[in-house]
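Trainee: Following this message is one structure expressed as structure tokens.
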Amino acid sequence: MNTPLASPMPGSATRADALLSAFAGAGYQQAAPAILQPAEPFLDLSGEDIRKNLYLTSDANGEDLCLRPDLTIPVARDYLASQGAGEVRNFYYLGPVFRFRGGKPSEFLQAGVESFGRDDRAAADAEMMALALEATSAFGVSNIEIRSGDVALFLALIDALKLAPVWRRRLIKCFSRKTSIAREVEGLTQNDGSSDYEGVLAALAGSDRKAALALVTDLMSIAGTENVGGRTTAEIADRFLEQSTLKGGTLSRETLTLIERFLAIAGEPDEALAQLRSLAADARLDLNAALDAFESRTGFMAARGIDTGKIAFSTSFGRGVDYYTGFEFEIRRSNNGSEPLVGGGRYDGLLTRLGATLPIPAVGFSVWIDALAKAGDSAGGAT
């Protein structure tokens, strides 16, 4: 297999060193997780797109391993394995990651920071944006655009609408795909038509997840199998339960219209916040906690000297990473931003899913060194 490998661009090493020094100066400690990682966390937590891009292998015991495609999960795993797990810890890193990218180098350098355990979420989010902008400045890139979103706002809306759990899961999955959200949501209201499993779906009508899992477990036991097409019993049960619920009724036109109105909100943060408060008032929905957190984060960004008027916020923005739970952002080169230079967000649920016994707040971002160096050179930022 002739896979192109990364080669640092001239001058990028010097600028990367300066960037790491800035992270260290901000109080972050260096992390250096292993290159070879268990594959399961990435397959389970990073979203659908990561599956086809991993470089997989296995050890003598048959455990699936992979070359790390990203550094967030490896840094989080090392943090949980340390004596400081659960405490406030801030890390920075620089190292190669490995991901099939269809003609682009499959080995490339990634830098970034991860912050764990901070309860002052709005201030921590603002710090991420400030450090991310410092990364672009370190490479001489000033002609940038900032895209931002907040999945916590969408989750607050779905919870306030008090939808059935299956609809909630389906809509959240739809949101994370980062495609045309309005069209996807519209598609959810269409009846799936006939099915080869009408009897099973009828038996599950009105059931909860526990009952669905018991029925599917019994059926698969009778069939003498533990999985179908690589799906576990639980995954199959969830799919059947979802289909049964969707066949039982659609979202109301009023609910669908409200979701579409929410997803159409965009603009600079203060402007978007005003539209969101208006929507909440019109629909008589309590979104105050999520909206207050959004407003607080914007205030902390402004206090750090960030021109929030230049942030393009959209309620439908998402980075396509399943484990994000709140603030998300990307920085791209203006008018030529085919790929992100910096991207990150808040992932408060990830540490629990990796084995933490209690929830641990977490936020961070990644820097694509070669892309940033190329942008810097094009802007005359080479050193």
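The values are calculated or read from the model by the stated rules, or taken from the named source; none is laboratory data. Note that the structure is a prediction, hence the values are computed from the model and not measured. Cβ coordinates were reconstructed from backbone atoms using ideal geometry, including for glycine residues, and neighbour counts include every protein chain displayed. The protein model used for the area step is the full one, side chains on, heavy atoms only, and it has no ligands, DNA or RNA in it. Shrake-Rupley method; radii C 1.70, N 1.55, O 1.52, S 1.80 Å.
Trainee: Within segment 289-334, can you find the residues that are assigned to a strand (DSSP E or B) and open to solvent by less than 50 Å² (accessible area, probe 1.4 Å)?
Mentor: As a first pass, look at segment 289-334 and keep what is assigned to a strand (DSSP E or B): 311-314, 327-333.
If the condition is that a residue be assigned to a strand (DSSP E or B) and open to solvent by less than 50 Å² (accessible area, probe 1.4 Å), then Ile311, Phe313, Ser314, Phe327, Glu328, Phe329, Glu330, Ile331, Arg332 are the ones that fit.
Trainee: Taking segment 335-373 as the region of interest, how many residues are aromatic (Phe, Trp, Tyr) and assigned to a strand (DSSP E or B)? Walk me through it before giving the result.
Mentor: Start the filter on segment 335-373 by keeping residues that are aromatic (Phe, Trp, Tyr), which leaves 347, 365, 368.
Those still in the list that are assigned to a strand (DSSP E or B) too: 365, 368.
Summing the residues that are aromatic (Phe, Trp, Tyr) and assigned to a strand (DSSP E or B) in segment 335-373 gives 2.
Trainee: Sticking with this one: If a residue has to be assigned to a loop (DSSP other than H, G, I, E, B) and open to solvent by 60 Å² or more (accessible area, probe 1.4 Å) to count, how many in segment 60-77 make the cut? Break it down into steps so the answer makes sense when it comes.
Mentor: Residues of segment 60-77 assigned to a loop (DSSP other than H, G, I, E, B): 60-63, 68-71.
Filter once more, so that each one left must be open to solvent by 60 Å² or more (accessible area, probe 1.4 Å): 60-61, 63.
Looking only at that region, the number is 3.
Trainee: Also, quick follow-up: Among (1) over 19 Å from the mean Cα position of the chain (by Cα); (2) closer than 15 Å to Ser366 by Cα, which single condition is Ile73 missing?
Mentor: With (1) over 19 Å from the mean Cα position of the chain (by Cα); (2) closer than 15 Å to Ser366 by Cα applied to Ile73, the lone miss is (1).
Trainee: Answer yes or no: is there a residue in segment 124-143 that is open to solvent by 40 Å² or more (accessible area, probe 1.4 Å) and either touching a strand residue (DSSP E or B) at 6+ places or on another chain (Cβ under 8 Å) or in a loop (DSSP other than H, G, I, E, B) (or both).
Mentor: yes
Trainee: Return the residue satisfying two criteria in turn: it lies in segment 16-59 and is aromatic (Phe, Trp, Tyr) and part of a loop (DSSP other than H, G, I, E, B), and of such residues it is least open to solvent (accessible area, probe 1.4 Å). Step through it out loud before you land on a result.
Mentor: So in segment 16-59, the residues aromatic (Phe, Trp, Tyr) come out as 23, 28, 42, 55.
With the extra rule that they be part of a loop (DSSP other than H, G, I, E, B), the set shrinks to 28, 55.
Values: Tyr28: 10, Tyr55: 49 Å².
Out of the qualifying residues, it is Tyr28.
Trainee: Just for segment 144-175: of the residues that are free of Cβ contacts under 8 Å to residues at least 12 places away in the same chain and in a helix (DSSP H, G or I), which one is most open to solvent (accessible area, probe 1.4 Å)?
Mentor: So in segment 144-175, the residues free of Cβ contacts under 8 Å to residues at least 12 places away in the same chain come out as 159, 162, 168, 173.
This time we only want the ones that are in a helix (DSSP H, G or I), so: 159, 168, 173.
Working: Asp159: 79, Arg168: 81, Lys173: 100 Å².
So the residue we want is Lys173.
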